[in-house]
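Structure record follows, encoded as structure tokens.
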Amino acid sequence: MELIFAQSRPGRCACNLPKLDVPAQDCLPDALRRTKPVALPEVTELDAVRHFTNLSRLNFSVDSHFYPLGSCTMKYNPKAHEVIARMPGFTTPHPRLLEIPGGSDALQGTLEVLYREERFLSELFGFAETTLQPMAGANGEFTGVMLIAAWCKKQGQSQRKVMLIPDSAHGTNPASAAQAGFICREIKSDAGGNLDLEDLKAKLGPDVAGLMLTCPNTIGMFNHDVKAICDLVHQAGGLCYCDGANANAIVGRVRPGDLGFDVMHVNVHKTFSTPHGGGGPGAGPVCVKENLQPFLPKPRIVKNADGTFALDNNCPESIGHIAPFLGSFAVLLRSCAYMLNLGREGMRRVSENAVLNANYLRVKLAPFFDQQITRDCMHECVFSATRSKDNGVHALDIAKALIDRGFHPPTIYFPLIIPEALMIEPTETESKETLDAFIAAMQEIASLAASNPEALLQAPLSTPVRRLDETGAARHPDLASLED
Ligand SMILES: *Cc1c(COP(=O)(O)O)cnc(C)c1O
């Protein structure tokens, strides 16, 4: 940032505005006026372009680097889908068009995309209906548990106030449940990283509304007891929620609806390859079985007998609106293009190759890093940086050393139940050559950790800023340090 200020020269600017040819307006109240000029650099257009282009090149992105950030599914976004997302027929309609009589006539293409995507997702994951409104995975979770709450109330079971959540769950699960008014009760994991069945049985009861289970779970394990677990929860009168953020491991092969789940959210920005990172935008559609259908957010997108599409607001049992307008439409459009582009067979190959790539890394890295669970994994593998701990090299140091070697770090210290966790998710879009280069870097880091740990403790050395106070940055963000 200093760079552009150092380049500033009085009077330099990017363009010359034509002389004012209308009467000048001078109606700003004194209280709103600046008392001194704003401190902006005075530079040419070329200076500004170079500044922002060079800043962008300091970033890590999927388009520039291998990005194995576990649980985030940072796969490549095909550029053809970006072209579709920019088609004027989709980008130009005014968001409030739907509110005027006949407005939906001009939005038939938009409504058809959404209607068809709802059918695709319902079929792909084994459910009766889908809502596309939620605007992120966490927003989908909130929607899903609200549906469970509405169902309990309808059954005259409002005393069911408890949501069961495994200790390996993503933090958004308890947050969403609490936000919807539930009390969270934690279920332990067993030694194999799966939900402890005895603990589940002990914690089920007439106060339990449901269980939120991540399938496959955040350690990258598929729980072979999942059908039995759903049966147990149903026998106790509760419902089963599937956190589908890890669907990249099973898409096209396993349908959570067939396993017994009543409701599931899908992170389209993960599984269906829409750009994400940095907090959004995303979309978190929610699929449901027939029992939860009446409570879905309104309006619903319906197909008329004449083949046209419309919005139906006559949904008396609906939990209401979850998103304004039609949700994250441009994100949903990209994911719809992805599904149509890949087709049924392509989708099966996504999960096949995602699992193959993760297991390749798991086996190749096993000699250099400790593993708490050594079974076959699904779409991601988890190591513990415990071997180098005595030398002072922690998961954080390994992550930082990877940056110097041209790789985005894996997820670290999550899931919480694995000490010094390094969670690596390669996705299916990476080649064997890229995986081999990553393995070589990890091997080099592991041997340095043993022979010369000091060499890792200062990493990253190649970045414009070195180690940051990440906790401080999150708790006390300084967003205005350039303002005086
Ligand atoms: C990413 C993720 C979420 C939250 O999804 P967002 O779209 O980031 O809100 C929830 N659960 C799991 C397991 C995840 O990986």
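The values are calculated or read from the model by the stated rules, or taken from the named source; none is laboratory data. From a predicted model like this one, the values you see are computed outputs, not experimental measurements. A quick note on method: Cβ atoms are made from the backbone with ideal geometry, for glycine too, and the neighbour counts reach across all protein chains shown. Note: accessible area is taken over every heavy atom of the protein model, side chains too, but ligands, DNA and RNA are not part of it. Shrake-Rupley method; radii C 1.70, N 1.55, O 1.52, S 1.80 Å.
In the range 304-316, is there at least one residue being more than 16 Å from the ligand (Cβ to nearest atom), of a type in the set (D, E, K, R), within 18 Å of G144 (Cα to Cα) and in a loop (DSSP other than H, G, I, E, B)? Checked the range 304-316: no residue is more than 16 Å from the ligand (Cβ to nearest atom), of a type in the set (D, E, K, R), within 18 Å of G144 (Cα to Cα) and in a loop (DSSP other than H, G, I, E, B). If you go through the range 271-303 and pick out every residue that is within 16 Å of the ligand (Cβ to nearest atom) and either in contact with a Ser or Thr (Cβ under 8 Å, 6 or more places away or on another chain) or closer than 29 Å to R253 by Cβ (or both), you end up with 15. Among the residues making up the range 319-374, those that are in a helix (DSSP H, G or I), open to solvent by less than 40 Å² (accessible area, probe 1.4 Å) and within 30 Å of P419 (Cβ to Cβ) are S351, A354, V355, N357, A358, N359, L361, R362, L365.
Quick one: would you say V145 is within 14 Å of the ligand (Cβ to nearest atom) and at pLDDT 95 or above? I'd like the intermediate steps shown before the answer.
Values: within 14 Å of the ligand (Cβ to nearest atom): yes; at pLDDT 95 or above: yes.
Taking the combined requirement at face value, the residue satisfies it.
If the condition is being of a type in the set (D, E, K, R), under 16 Å from R362 (Cα atoms) and out of contact with any helix residue (DSSP H, G or I) (no Cβ under 6 Å at 6 or more places or on another chain), then the range 397-429 contributes only E425.
Taking residues in the range 72-89 that are of a type in the set (D, E, K, R), and partners anywhere that are away from the ligand (no atom under 16 Å from the Cβ) and at pLDDT 95 or above, the pairs with Cβ atoms closer than 8 Å and at least 6 places apart or on different chains are K75/E428; K75/T429.
Of the residues contained in the range 403-410, one or more are found to be in a strand (DSSP E or B), open to solvent by less than 60 Å² (accessible area, probe 1.4 Å) and either within 27 Å of L356 (Cα to Cα) or not assigned by TED's automatic domain parsing to the domain that holds M221 (or both). In this structure, is I301 touching a helix residue (DSSP H, G or I) at 6+ places or on another chain (Cβ under 6 Å), in a loop (DSSP other than H, G, I, E, B) and either hydroxyl-bearing (S, T, Y) or surrounded by 17 or more Cβ atoms within 10 Å (Cβ to Cβ) (or both)? No; evaluated as a whole, the condition is false for this residue.
Quick test of your reading of the structure: K298 fulfils all but one of (1) touching a residue at least 24 places away in the same chain (Cβ under 8 Å); (2) in contact with a Cys (Cβ under 6 Å, 6 or more places away or on another chain). Name the failing condition by number. Among (1) touching a residue at least 24 places away in the same chain (Cβ under 8 Å); (2) in contact with a Cys (Cβ under 6 Å, 6 or more places away or on another chain), the lone unmet condition for K298 is (1). Here S447 does not fit the description of being part of a loop (DSSP other than H, G, I, E, B) and among the hydroxyl-bearing types (S, T, Y). Taking the numbered list (1) out of contact with any helix residue (DSSP H, G or I) (no Cβ under 7 Å at 6 or more places or on another chain); (2) surrounded by 13 or more Cβ atoms within 10 Å (Cβ to Cβ) in turn, C287 passes all entries but (1). Of all residues in the range 227-256, those satisfying the criterion of being assigned to a helix (DSSP H, G or I) and either open to solvent by 10 Å² or more (accessible area, probe 1.4 Å) or out of contact with any strand residue (DSSP E or B) (no Cβ under 7 Å at 6 or more places or on another chain) (or both) are K227, A228, D231, L232, H234, Q235, A247, N248, A249.
Condition check: within 16 Å of the ligand (Cβ to nearest atom), buried (at least 19 other Cβ atoms within 10 Å of the Cβ), within 29 Å of I229 (Cα to Cα) and of a type outside the set (S, T, Y). Does G137 satisfy that?
Numbers: within 16 Å of the ligand (Cβ to nearest atom): yes; buried (at least 19 other Cβ atoms within 10 Å of the Cβ): yes; within 29 Å of I229 (Cα to Cα): yes; of a type outside the set (S, T, Y): yes.
Taking the combined requirement at face value, the residue satisfies it.
Scanning the range 163-189 for residues that are away from the ligand (no atom under 16 Å from the Cβ) and closer than 22 Å to Q293 by Cα returns G181, F182. Remark: pairs (first residue in the range 129-142, within 9 Å of V286 (Cα to Cα); second residue in a helix (DSSP H, G or I) and within 14 Å of the ligand (Cβ to nearest atom); Cβ separation under 6 Å; 6+ apart in sequence or on different chains) = L132/L332; P134/G140; P134/T143; E141/T172; E141/S176. Only a single criterion out of (1) assigned to a loop (DSSP other than H, G, I, E, B); (2) within 14 Å of the ligand (Cβ to nearest atom); (3) among the hydrophobic types (A, V, I, L, M, F, W, C) is not satisfied by F261, namely (2). Here no helices (runs of 4 or more DSSP H) wholly within the range 1-93 include at least 1 residues being open to solvent by 80 Å² or more (accessible area, probe 1.4 Å), more than 23 Å from D404 (Cα to Cα) and touching a Leu at 6+ places or on another chain (Cβ under 7 Å). Scanning the range 158-186 for residues that are open to solvent by less than 20 Å² (accessible area, probe 1.4 Å) and assigned to a helix (DSSP H, G or I), we see that the one that is farthest from E198 (Cα to Cα) is S176.
In the set (1) closer than 25 Å to H379 by Cβ; (2) surrounded by fewer than 22 Cβ atoms within 10 Å (Cβ to Cβ), T214 fails one condition alone, (2).
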